[in-house]
Amino acid sequence: MESLIIQPTFNALTGVLEIPGDKSISHRSVMFGSIAKGVTKVTNFLPGDDCLSTISCFRKLGVVIEESENLLTIYGNGFDGLTEPDEILDVGNSGTTIRLLLGILAGRPFYSSLIGDRSIGKRPMTRVTEPLRQMGARIDGRNNGAFTPLSIRGGGLTPINYELPVASAQVKSALILAGLQAKGESTIIEPADTRDHTERMIRKFGGEIQRDNSVIRVKGDQKLIGTEIHVPGDISSAAFFLVAGAIVPGSEILLKNVGINPTRNGIIDVMNKMGADLEISHQPGDSFEPIGDMTIKASRLKGTVIEGDLIPKLIDEIPIIALLATQAEGKTVIKNAEELKVKETNRIDTVVQELTKLGARIEATDDGMIIYGGSSLTGGTVSSHGDHRIGMMLAIAAQICKGEVTLENPEAISISYPNFFTHLNILKK
């Protein structure tokens, strides 16, 4: 699909949505099911392109994975059940797949080759490959392993004591997965808290991991046991409709069964700071990930400053937060978000470029952006640049534009939210 014409909505957005499964948790459910002993059953798995790339890679590593309606069944045989692939492992557009998979392959005594799409080819891998080399994995690739394609021959890992130079859940998780296979205890120190889905998943599969403030300790040679996983709705996907409900006049939207993990709830913190009419009801139960229902109503918003330890809790939501800020009173400043430069696109430059086309007043800075509120968006031709979160942000922006919006490369949205436009149309009826 080359482009999609999106008409603004002239009515309130109303209705109830079940947000698709969390992308981060869906990835990890496949990975942990594959390295555990026994059967793992996953419900509400996200069938987006990124997560399907993870399934494809583990099938090439010899894991039997069955897909049926709303049920994924993984027949794991432990780390030792993984076998040398006779094909290149193609991760598609998924940074989570390649970085976490490198941590698993670092401990496997065989050879693998990994590749991804053009976007993956631009994303830095040294932050993962260097510490894995320190543990004993042999990794090579373009620019000495800084970029894909990559090759890895693993096995015989030694523990690591490593302080992360950047707050990255992907790097942390890769080292944890390698540490599970090392002989001894590894220590990983974070500069700021990042999403803890990997740690929760280890415990769910019967493993052990300790955390003391910023210090994470994981023992090697652990045996994980297959289990049942229900994937909560993805708060990063919910964020687009939270913002839509807040900025389209008269709207009221209920989003059900959304994950509200405290390491991922930065969007909630920001919307509360900006004065959004948002209510959350926590769902009881024994889920390993907290879940809640969210009700958002059209809101009078005010600008704010977003910085520091809050950034890792909302790094994926910054594009849609930028749109939210265009409709607030006053100025919003986003700082300490350099990590946006190495996402699917340079999201600082891309957000500024595309929202400016629609009439927003927004400036890029070295580590974020400045957004001037009260913008009246006009419409025009914009592009996702192949970035799913940019595409969804622009589709929501189109709802409040004065004229139609032509969105180029809308197919990128299927990476994390295949039925996004179906859900948007439900709310517009």
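The values are calculated or read from the model by the stated rules, or taken from the named source; none is laboratory data. The model shown is predicted, which means the values in this text are computed figures rather than measured ones. With ideal geometry, Cβ positions are generated from the backbone for all residues, glycine too; neighbour counts draw on all protein chains shown.
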Quiz item: List the pairs whose first member sits in the range 329-343 and is within 20 Å of Gly275 (Cβ to Cβ), whose second member is among the basic types (Lys, Arg), and whose Cβ atoms are under 6 Å apart, counting only residues at least 6 apart or on separate chains?
Solution: Glu329/Lys302; Gly330/Lys302
Quiz item: From the set of residues in the range 218-230 that are part of a strand (DSSP E or B) and within 24 Å of the chain's Cα centre (by Cα), which is surrounded by the most Cβ atoms within 10 Å (Cβ to Cβ)?
Solution: Ile229
Quiz prompt | Condition met for Gly15 (in contact with a Lys or Arg (Cβ under 8 Å, 6 or more places away or on another chain) and among the small types (Gly, Ala, Ser)) | solution = yes
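Filtering the range 8-48 down to residues that are assigned to a loop (DSSP other than H, G, I, E, B) and in contact with a Cys (Cβ under 9 Å, 6 or more places away or on another chain), which residue is modelled with the highest pLDDT? Break it down into steps so the answer makes sense when it comes.
Within the range 8-48, the first condition is being assigned to a loop (DSSP other than H, G, I, E, B), and the residues that meet it are 8-13, 19-20, 22, 36, 44-48.
Going one step further and asking which of them are in contact with a Cys (Cβ under 9 Å, 6 or more places away or on another chain), we end up with 8, 45.
Values: Pro8: 94, Phe45: 97.
Step by step, filter the range 8-48, then rank; the result is Phe45.
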Practice problem: For Gly391, work out the one condition from (1) in contact (Cβ under 8 Å) with a residue 40 or more places away in the chain; (2) surrounded by 21 or more Cβ atoms within 10 Å (Cβ to Cβ); (3) not hydrophobic (A, V, I, L, M, F, W, C) it doesn't fulfil. | Solution: (1)
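Could you name every one of the strands (runs of 3 or more DSSP E) located completely within the range 63-159 that has at least 1 residues being acidic (Asp, Glu) and under 30 Å from Glu338 (Cα atoms)? Don't jump to the end; show me each part of the working.
Details: elements: 64-68, 71-77, 111-115, 138-141, 147-153.
Here the list reads 138-141.
A quick yes/no check of all residues on (1) under 24 Å from the mean Cα position of the chain (by Cα); (2) β-branched (Val, Ile, Thr):
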{"residue": "Val16", "(1), (2)": "yes, yes"}
{"residue": "Pro47", "(1), (2)": "yes, no"}
{"residue": "Leu61", "(1), (2)": "yes, no"}
{"residue": "Glu67", "(1), (2)": "yes, no"}
{"residue": "Thr73", "(1), (2)": "yes, yes"}
{"residue": "Asp86", "(1), (2)": "no, no"}
{"residue": "Leu89", "(1), (2)": "yes, no"}
Exercise. Among the residues of the range 390-429, write down those that are part of a helix (DSSP H, G or I), charged (D, E, K, R) and within 15 Å of Phe10 (Cβ to Cβ).
Key: Lys428
Self-check item: Ile225 outside the structural domain of Phe421 (by TED's automatic domain parsing) and out of contact with any Leu (no Cβ under 9 Å at 6 or more places or on another chain)
Solution: yes
Self-check item: So Gly76, is it modelled with pLDDT of 95 or more, buried (at least 24 other Cβ atoms within 10 Å of the Cβ) and in the same structural domain as Ala182 (by TED's automatic domain parsing)
Solution: yes
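Confirm whether Leu89 is assigned by TED's automatic domain parsing to the domain that holds Ile35, surrounded by 15 or more Cβ atoms within 10 Å (Cβ to Cβ) and farther than 19 Å from Cys57 by Cα.
In short, no.
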Exercise. Filter the range 353-382 down to residues that are within 27 Å of the chain's Cα centre (by Cα), of a type in the set (Gly, Ala, Ser) and part of a strand (DSSP E or B), then give me how many there are.
Key: 2
Practice problem: For the range 183-196, indicate whether the set of residues that are among the polar types (S, T, N, Q), within 17 Å of the chain's Cα centre (by Cα) and surrounded by 19 or more Cβ atoms within 10 Å (Cβ to Cβ) is non-empty. | Solution: yes
Practice problem: Find the residue count for the range 249-265, including only residues that are part of a strand (DSSP E or B) and in contact with a Pro (Cβ under 8 Å, 6 or more places away or on another chain). | Solution: 3
Quiz prompt | Selection from the range 96-145 of residues that are surrounded by fewer than 20 Cβ atoms within 10 Å (Cβ to Cβ) and closer than 24 Å to Thr187 by Cα | solution = Pro109, Pro124, Thr126, Arg127, Glu130, Arg133, Gln134, Gly136, Arg138
Quiz item: Assuming Val39 fulfils every condition listed in (1) free of Cβ contacts under 8 Å to residues at least 60 places away in the same chain; (2) over 23 Å from Lys343 (Cα atoms); (3) among the aliphatic types (A, V, I, L, M); (4) touching a Phe, Trp or Tyr at 6+ places or on another chain (Cβ under 7 Å) apart from one, which condition is it?
Solution: (1)
Quiz item: Restricting the search to the range 231-248, which residues are in contact with a Gly (Cβ under 6 Å, 6 or more places away or on another chain) and assigned to a loop (DSSP other than H, G, I, E, B)?
Solution: Val231, Pro232
Quiz item: Cβ-Cβ below 6 Å, separation at least six or inter-chain, first residue in the range 263-279 and closer than 11 Å to Ile296 by Cα, second assigned to a helix (DSSP H, G or I) and modelled with pLDDT of 95 or more: which pairs?
Solution: Ala276/Ala246; Leu278/Met271
